[in-house]
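Input: a single structure, listed below in structure tokens.
The values are calculated or read from the model by the stated rules, or taken from the named source; none is laboratory data. Only a predicted model underlies this, so the values are computations on that prediction, with no experimental measurement involved. In this analysis, Cβ positions are derived from the backbone assuming ideal geometry, glycine residues included, and neighbour counts consider all displayed protein chains. We work out accessible area using only protein heavy atoms, side chains counted, and drop any ligands, DNA or RNA first. Shrake-Rupley method; radii C 1.70, N 1.55, O 1.52, S 1.80 Å.
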Amino acid sequence: EEEHELSAGAYLKNKSGRVPSWEAFSEAVNAVLRAAAGHGESAGALAGAFKERAAQKITREDSKEPRPFKNLITDRDGTVNNYCDRYSSSVQSAYNAAWLSHFARHCTENAVFVTAAPLGGRPSAEGLMELCVAPRGEFTYTGSKGREYFDLITQRVLEAADLPQEQRELVDELHRRILALCSKPGNMKFLGIGSGLQKKFGEVTMARNDPACSVSEPESRRFMAAVRRVKEELDPDGTMLDLHDTGTDMELFPRAAAGVSQSFDKGSGVLGLEEKLKLGISMGPNIVCGDTGSDLAMVVAALKLMCGEDMVKVWKDRMKKEDTPDDDPNLEEMAPRNTSKTAVFFEGEQFVAHASEMPGQSSQSLGMASTYSEARNSEASEAVEDAEFERKMREAEEAERRAKEEEAEAREAASGLAVLFVVSLKENEKSPNLVKDVRRWCEYSGAHCAIVPSPDVLIAGLRRYANQIAGRSVIEPTAQAGVEEEDGEQKQDEEGAAEGDVEQPGLDGQACNGDSKENGQEQQAVEAAGVEIEVETAGEAMILGMELQALQSITTGPNVE
């Protein structure tokens with residue numbers, strides 16, 4: 001129950017601003033992943049399976065065990081990578097790349113980044129691919145909300161969704177005009193903060209501030225008004241371009257074409273990538289990670305593929321009814337209290353009379369109506385009406401039964417979806433409905449959900465799960481070595497406990513003594529790397545050593561560039 005409350009974002013209600021421990025969040029994430037994967041194994045059972053493989057001197061790959069998840073579909077910045085005040089400097093950390101790659105390699109068949117940022121991957125281009133340091137082949141990188149992706153086979157950037165030529169030209173001209181606006185005095189600073197000016201496939205993003213609010217709010221609004229004027233000059237009727245303000249960025253994109261219900265979003269990107277890459281999202285299990293309302297569209301898209309569009313529409317309609325109750329609560333009281341109807345024929349016309357609605361009718365007029373009714377309605381017609389009524393009731397009951405069965409099947413399919421969202425206390429204040437919307441989709445569909453406060457907490461949870469599945473951490477080269485080290489650490493822990501040492505949580509989720517052997521290992525890694533760096537605390541040595549070991553782990557092998 002505590003894990004459920006934690007994963008549901010109960011910490012956001014804490015007015016003191018305190019959040020539970022990393023260990024608690026990590027276990028909550030693991031519980032969601034285990035439930036969605038369907039194996040329901042505890043950490044102990046996973047460790048036991050690993051030791052059994054190690055005793056046979058085989059790895060998880062050699063045992064041909066299927067990976068727990070079909071797909072990991074995730075946003076990047078703010079979800080699995082910490083935000084940076086300037087996008088072009090938000091380079092992925094080595095430890096982040098190592099742990100994410102470890103998870104992708106052992107836990108998923110496909111790992112896909114779906115971001116709104118430009119993809120890059122071209123000469124002189126700067127985008128997602130230039131900021132990620134994970135080995136090529138571990139992830140599929142997509143940009144512009146999934147409109148474009150880097151194909152590992154052809155080593156080229158390809159389009160996942162078509163963009164009409166007139167919209168391409170419109171986006172090109174919009175970018176040219178905004179670039180000219182930024183060259184004017186007082187505007188150049190906006191090119192160097194936050195997202196800067198980004199030309200994407202089918203969209204232009206222009207920063208008006210950054211997460212640190214480096215620009216004053218009046219100045220930010222002045223620039224936003226100037227960008228709006230550029231948009232209006234290019235589209236005076238307001239029929240071709242749309243603008244979405246995130247608070248720090250302005251996203252400008254072509255409006256949806258006639259007959260299309262909405263503009264292109266990340267959900268559209270996921271559906272397009274499924275068609276192009278054959279990800280098998282409908283088969284599941286899947287993981288979807290995000291941190292904003294725009295990422296919720298990926299959850300909905302995954303549910304459409306796993307449960308069917310009709311059922312997703314049913315759930316969406318229910319949510320709308322919750323959000324828009326009847327305007328007048330007294331409507332029910334105003335309705336007629338006597339709903340029994342009497343069919344009356346008068347001069348060849350039928351009308352429905354309610355006894356409560358005819359208080360002024362005389363007994364003579366009622367008698368006349370009754371006479372006409374008896375004359376025109378035979379017992380046979382009444383029998384036909386009764387039979388028709390019963391038939392419709394049976395059809396309604398059958399339809400209701402089928403609907404319940406279909407929803408039960410849809411919820412069973414959705415139980416293979418893990419939804420992991422990063423929502424900080426600050427972000428929750430800005431977007432209070434985000435957690436509510438994420439939780440409602442999961443509650444209606446039966447998907448499993450965890451809400452965590454930061455990207456590093458999410459990465460720690462993924463790392464722990466990957467270690468359990470693989471039977472080793474990312475810096476342990478073989479499964480057998482992992483068993484030997486685990487046995488050695490267990491022995492040392494027992495000796496330390498006998499001597500009264502205090503155990504503290506290590507970086508890799510394992511217990512370590514006050515004079516930790518891991519500190520010595522990290523220092524050895526620093527010395528082996530030939531780096532002379534002074535550190536003041538053992539904690540700094542551990543972090544530095546982990547960075548270097550992670551860097552070594554991702555810069556070995558055939559994929560090094």
Using the Karplus curve 6.51 cos²θ - 1.76 cosθ + 1.60 with θ = phi - 60°, work out ³J(HN,Hα) for each residue of segment 288-300 in order, rounded to whole Hz, and write x for Gly and Pro. 10, 10, x, 8, 9, x, 5, 7, 4, 4, 5, 5, 5
Once phi is turned into ³J(HN,Hα) by the Karplus curve 6.51 cos²θ - 1.76 cosθ + 1.60 with θ = phi - 60°, what whole-Hz value does each residue of segment 147-156 show in order, with x for glycine and proline? 5, 10, 8, 9, 7, 5, 6, 8, 6, 9
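Would you mind working out the accessible area per residue for segment 113-222, using a 1.4 Å probe, and quoting it in Å²? Walk me through the intermediate numbers first.
Numbers: 4870 Å² over 110 residues.
Per-residue value: 44 Å².
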Any idea how far apart LYS189 and GLU382 come out in nm if each label point goes 7 Å out from Cα toward Cβ? 8.7 nm
If each residue of separation counts as 0.36 nm, what is the full-extension length gain between GLU322 and ALA35 once their alpha-carbon separation is subtracted? 100.5 nm
Once you've got the Cα coordinates, tell me which of LYS316/LYS392; LYS313/LYS392; LYS304/LYS430; LYS189/LYS320 are over 32 Å apart. LYS189/LYS320
Around ALA111, which amide H atoms from residues at least 5 apart in sequence, or from another chain, sit under 5 Å from its own amide H, with H modelled in the peptide plane? LEU72, THR140
Given a 1.4 Å probe and every protein chain left where it sits, what share in percent of the accessible area of segment 82-228 is carbon and sulfur? 52 percent
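If you count, for each residue, the other Cβ atoms within 10 Å and average over each peptide, how do 99-105, 305-311, 25-31, 388-394 line up from highest to lowest?
99-105, 25-31, 305-311, 388-394
Show me the ranking of peptides 131-139, 200-208 by mean Cβ neighbours inside 10 Å, starting with the highest.
The packing order, highest mean first, is 200-208, 131-139.
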Give me the one-decimal nm value for the distance between modelled label points at VAL314 and CYS84, 7 Å along each residue's Cα-to-Cβ direction. 4.6 nm
